[in-house]
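Just so it is clear, none of the values below were taken in a lab; they were calculated from the coordinates. Every value quoted in this text rests on a predicted model; they were computed, and no experiment measured them. Note that each Cβ is placed from the backbone with ideal geometry, even for glycine, and that neighbours are counted across all protein chains shown.
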């Protein structure tokens, strides 16, 4: 994973609420056995017509969306299926951050593990972003702030550990592997004793 | 005196390898890792690339369910699997399990089935365990008083390599369900009503504990239906305190503890329920006795009304309007007018024996309406065998429904069992998202009873018409 520090980009805005992971990547693309190459199927059923041609009015197909790395979505994006193919597809397409007022739990977890920054902002900031699609904004991970010119910075929550991993481009498995002794100690205690705890 | 603790807190603390700190999440030990063909290949590849071993093959169990065919000739007769990539994914799971020493209940195994159905059937799902799987409906296992939730593929890799997960401690939400469900109203109606009440993100960040008279009165299979859909309210996990109903279900299961180990387990399990006075971060209330059969009308499980009710009118809300346009339904009209093209009975939500019995009870001696295609897919091969032993398959066939081998099937249409564009499907599954059951498919979620009644009439029908 590449380290993330500051993401500066224009936004792509999808204002729908409850965008589920079936929309982000429909199930028929889940028979893959690799992570790569899912970007072309991102939002497939919204993005292409029955013959597989791009729908010109869908936001990702518009010229102004090219190269944008920040997706601003309506409340509760990523609900539903736990498929990590959703962040894989978003990352493969080129997104580095998802901004909303609520981000579904498993999707948020999966995003953090793939260098896709989940950014939960306050209602006012979100309303401004929805009203100003394509605005150039800045997301500063070290400061945990989303910055819009002419407005106060909007803080967003991010766990210290996830921030460390993203800033340094390291994955979480290394830390888990370093816990080997503690895991072995836990395993050596009989389940009976453990579960009565 | 130790302070009173919730069921969740007891299970959580017993599995903390390292507690949460200001700088690091908790390290949580996993007692049971279930895995399947769709969300595991990239995790096994990661192990291989990093030269890691599978830490605990004895706590890992694999099956195949999502992309598998349901036609007998493809499962048992050697006929080719229609989707090449699905066939490849199935072979990949077989190879990965052989290479890493994972027990696989494979394509022709009599114990194969939807991962959330076979765990309880085998008795590996037990109270007090931590259970994970690369599938959001892992919440099903919480019906036994386990802490069970879905994870992504990166985390599948973490568990394969370390048998642990990094976790932020969730909050707790008590769902107090008073009263008793009236006749003809099911566990599915209960959970749909709850999601309608708290919304599809009402449970985000929480572990739910379903409590109260109505929950205590449910069978294990009904409890699984409730916990299964916790994720549709945004909660990763839902739990129910184990009790005699739980123990009766598990006693004698092939992989449940036996003899002295059973007695010891019972003693541990009886200590699990939330202590009197345990504090939840939040509580919601529901009155089971006031519920009716429920059905969804929109494009998420929170868009739900009683079968006898009308589609709400919320003009001007663009998201609502888009959902109505997709569904081709008219706000303000009775949902009972909605036509039906396809009926699907199955899935990890409602694919157990009691679900098939409920649908068969409505269908017995009746027929599926002309032009309606009904598919009945048992949740596991064991469910299929048990249903056939009591003649349920004959009732479905005689009514004009198709009877298939087990799997996820039309719940998500990965294996080619799909609903056509623009068609209306009454489905006993868990998600009515756009395109979930096929491109352009329109899904209405309901109980097996409602699905069967609607199959007979060819439109959305209150099952109580057939249950008197």
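Observations on the structure shown:
- Calculated P(r) of chain A - Cα pairs past 27 Å, %: 34 percent
- Paramagnetic reach from residue B:468 (point 7 Å along Cα→Cβ, amide N under 16 Å) across the range B:184-216: B:184-185
- Applying 1/(1 + (r/R0)^6) with r as the Cβ-Cβ distance of residue B:317 and residue B:281 and R0 = 22 angstrom yields a FRET efficiency of 0.15.
- Computed over the range A:88-134, the alpha-carbon pair-distance distribution with 10 angstrom bins reads 26, 49, 25, each value a whole percent.
- Added length on full extension, which subtracts the Cα-Cα distance from 0.36 nm per residue, residue B:197 to residue B:248: 15.1 nm
- For the range B:7-167: Kirkwood Rh in Å [reciprocal of mean 1/r, alpha carbons]: 16.3 Å
- Relative contact order %, the range B:322-468, counting alpha carbon pairs below 8 Å whose residues are six or more apart: 31 percent
- Within the range B:4-67, the proportion of C-alpha pairs whose separation exceeds 19 Å stands at 54%.
- Note on chain A: antiparallel DSSP beta bridges, both residues inside, total approximately 45 percent of the bridges counted.
- Distance from the range A:114-130 to the range B:129-143 (C-alpha centre basis), Å: 30 Å
- The label-point distance for residue B:267 and residue B:13, in a model that sets each label 7 Å from Cα toward Cβ, rounds to 2.0 nm.
- Pairwise Cα inverse-distance average, inverted: Kirkwood Rh of the range B:87-129 (Å): 11.7 Å
- Note that the range B:346-385 shows a convex hull volume over its alpha carbon atoms of 74 Å³ per residue.
- Here r is the Cβ-Cβ distance between residue B:88 and residue B:3 and R0 is 56 Å; the resulting FRET efficiency, rounded to 0.05, is 0.60.
- Based on the Kirkwood approach, the hydrodynamic radius assigned to the range B:114-251 is 15.0 Å, with every pair of different Cα atoms included.
- Taking only alpha carbon atoms, the range B:171-289 gives an Rg to Rh ratio of 0.99, where Rh is the Kirkwood radius.
- Helical content alone sets the calculated 222 nm signal of chain B at -9000 deg cm²/dmol, taking -39,500 (n - 2.57) per DSSP H segment of four or more residues and averaging over every residue.
- Theoretical FRET efficiency, 1/(1+(r/R0)^6), r = Cβ-Cβ of residue A:177 and residue B:72, R0 45 Å, to 0.05: 0.50
- Antiparallel content of DSSP bridges confined to chain B, in %, to 5: 25 percent
- Computed on chain B, with alpha-carbon pairs under 8 angstrom and 6+ residues apart, the relative contact order is 17 percent.
- Per residue, the convex hull volume that the Cα atoms of the protein assembly as shown enclose (Å³): 150 Å³
- Spacing of the two label points (7 Å from each Cα toward its C-beta) at residue B:337 and residue B:21, in nm: 6.4 nm
- Compactness of chain B - radius of gyration and Dmax, Cα, Å: 21.4, 66
- Difference of contour (0.36 nm per residue) and Cα-Cα distance, residue A:10 to residue A:151: 49.1 nm
- In Å, descending, principal axis extents of the Cα set of the range B:319-468: 47, 35, 23
- Listed by Cβ neighbour count within 10 Å, with the fewest neighbours leading, B:462, A:20 appear as B:462, A:20.
- Between the range B:63-114 and the range B:196-249, the C-alpha centres lie 30 angstrom from each other.
- Taking all Cα pairs closer than 8 Å and separated by 6 or more residues, the relative contact order of the range B:171-289 comes to 41 percent.
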